[in-house]
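A short write-up of the structure that comes next.
Computed from the coordinates by the stated procedures, all read-outs in this text should not be read as laboratory data. Keep in mind it's a predicted model, so treat the numbers as computed, not measured. When we count neighbours, we look across all protein chains shown, and the Cβ atoms used for this are built from the backbone with ideal geometry, even at glycine.
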Amino acid sequence: MNYHFSSRVPKSDVDPVGNILKIAGKPGIISFAGGLPAPELFPVDQITQATDQVLKEKGKDALQYGSSQGIQELRDVIVDRVKIEGINTDADHVMVATGSQQTLDLTGKIFLDRGDTVIVEKPTYLCAVDVFKSYGAHFVGVDMDEDGMKMDMLEKALIENPSTKLIYTIPNFQNPTGRTMTLSRREKLVELAEKYDVMVLEDNPYGAVRFAGKNLPSIKSLDKSGHVIYMGTFSKILAPGMRLGWIVTDTKLLNKYTMMKQSADLHTDNLSQYIVAKYFEMFNIDEHIQSICHLYQKREQLMMSAIHKYFPSNVKCSQPEGGMFIWVEVPGIEDTQALFDDCIKNNVAFVPGEPFYGDEGTPGTFRLNYSNMHEDQIEEGIKRLGAAIQESLTK
Ligand code: PMP
């Protein structure tokens, strides 16, 4: 059978990251590979109570078709939440999406024609790379340091690629590096977006999960000219399985998103939307977020001290103040896939750095997740990883 696929479909049947996660998920492996929140903190009882209440009060609405923009009650909740990010908006400027992953997909659909340039951080979120690739994006990676994307390099990229359609950034506790963009860089980014008339897609799934340092204003809150599209999600503060994300932008652009969403899935699951809106009415989300931050901080500190104990002293690590990831660079190691294979033999796993790059990557890099690993396994996992690194370096 010859399927005559569209050009959007990947040529290869191999899913390298899927394979890594499959191997890493085998029983007995201490896996720092996935990017999952801690399931023991999902508020199952509270969600049960909220669901009962929704079905009693609004069962018919919750089970009926709904609006592509999302239910008013949830958009009101989102308006309130984004105030913490310094964004003053109203429910008319908010659309509910089926996870923030859908916002990435709709953004590709709305802005990208084959060959269009998307500027990304180097490295960046690998599923964003996959989405934009499916719309034919040409990627230009901009180097980062501990303060986020380097603005002089961004300006250079904008000058060299005058038809850039999008700058994609994850300013808080970035996936995969855990790094946060400083306020002065956020201000510069807004200035550059305006100067070169390019849209910025600000993806902020982790901002609320801050366990150290001070909150920074979102890039969107600094934007006076409408160049920033802001996207968020309930996945990291409540439950990713509910598939609820959101977008905040101006009316004209929001209409395009709503129209494109209509043809993608008509609307986001109404029942999930009503349940989350009810959850916010009945319970205190800030207390819940505090417990997430508390646990992730504990796990991050355990991982960091184990890294200092067991990794060679020249290994470089990011120092996240929140979120779920630590980024590691091991000088002297070229092939982290080979290191991954060695680690699997020792029953420990991570994600090699390569898939996180839109263009050429930095060798010897990998991502570690700490949110999803129980405290009593972290030290042992890092010890095994340290031994595998030492062995690779002496090969
Ligand atoms: N953006 C980033 C940076 C992410 O890390 C993730 C999930 N890992 C997403 C978007 C998608 O999240 P969701 O669809 O669950 O909101």
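From the list Lys316, Lys256, the one residue that fits, being of a type in the set (D, E, K, R) and touching a strand residue (DSSP E or B) at 6+ places or on another chain (Cβ under 9 Å), is Lys316. Taking region 144-161 as the range and being within 16 Å of the ligand (Cβ to nearest atom) and either over 24 Å from Ser100 (Cα atoms) or in contact with a helix residue (DSSP H, G or I) (Cβ under 6 Å, 6 or more places away or on another chain) (or both) as the test, only Gly148 passes. Residues in region 319-356 that are surrounded by 21 or more Cβ atoms within 10 Å (Cβ to Cβ), under 27 Å from Ala208 (Cβ atoms) and of a type outside the set (Val, Ile, Thr): Pro320, Gly322, Gly323, Met324, Phe325, Trp327, Phe350, Gly353, Phe356. Kindly indicate whether Leu183 is surrounded by 23 or more Cβ atoms within 10 Å (Cβ to Cβ), under 21 Å from the mean Cα position of the chain (by Cα) and more than 16 Å from the ligand (Cβ to nearest atom). No; evaluated as a whole, the condition is false for this residue. Of the residues in region 48-70, at least one is surrounded by 14 or more Cβ atoms within 10 Å (Cβ to Cβ), in contact with a Lys or Arg (Cβ under 7 Å, 6 or more places away or on another chain) and β-branched (Val, Ile, Thr). Could you please let me know if Gly141 is within 16 Å of the ligand (Cβ to nearest atom), among the small types (Gly, Ala, Ser), over 20 Å from the mean Cα position of the chain (by Cα) and crowded, with 18+ Cβ neighbours inside 10 Å? Against the criterion (within 16 Å of the ligand (Cβ to nearest atom), among the small types (Gly, Ala, Ser), over 20 Å from the mean Cα position of the chain (by Cα) and crowded, with 18+ Cβ neighbours inside 10 Å), Gly141 does not qualify.
Determine whether Thr268 is within 21 Å of Pro39 (Cα to Cα), within 16 Å of the ligand (Cβ to nearest atom) and touching a strand residue (DSSP E or B) at 6+ places or on another chain (Cβ under 9 Å). So Thr268 does not fit the description; no. Can you find a residue in region 375-390 that is part of a helix (DSSP H, G or I), under 16 Å from Ala33 (Cα atoms) and in contact with a Lys or Arg (Cβ under 7 Å, 6 or more places away or on another chain)? Scanning region 375-390 turns up at least one residue that is part of a helix (DSSP H, G or I), under 16 Å from Ala33 (Cα atoms) and in contact with a Lys or Arg (Cβ under 7 Å, 6 or more places away or on another chain).
Can you find, within region 121-134, the residue that is surrounded by the most Cβ atoms within 10 Å (Cβ to Cβ) among those that are charged (D, E, K, R) and away from the ligand (no atom under 11 Å from the Cβ)? Result: Lys122.
Scan region 74-120 for residues that are acidic (Asp, Glu) and either within 16 Å of the ligand (Cβ to nearest atom) or surrounded by 18 or more Cβ atoms within 10 Å (Cβ to Cβ) (or both) and jot them down. Hits for region 74-120 are Glu85, Asp105, Asp116.
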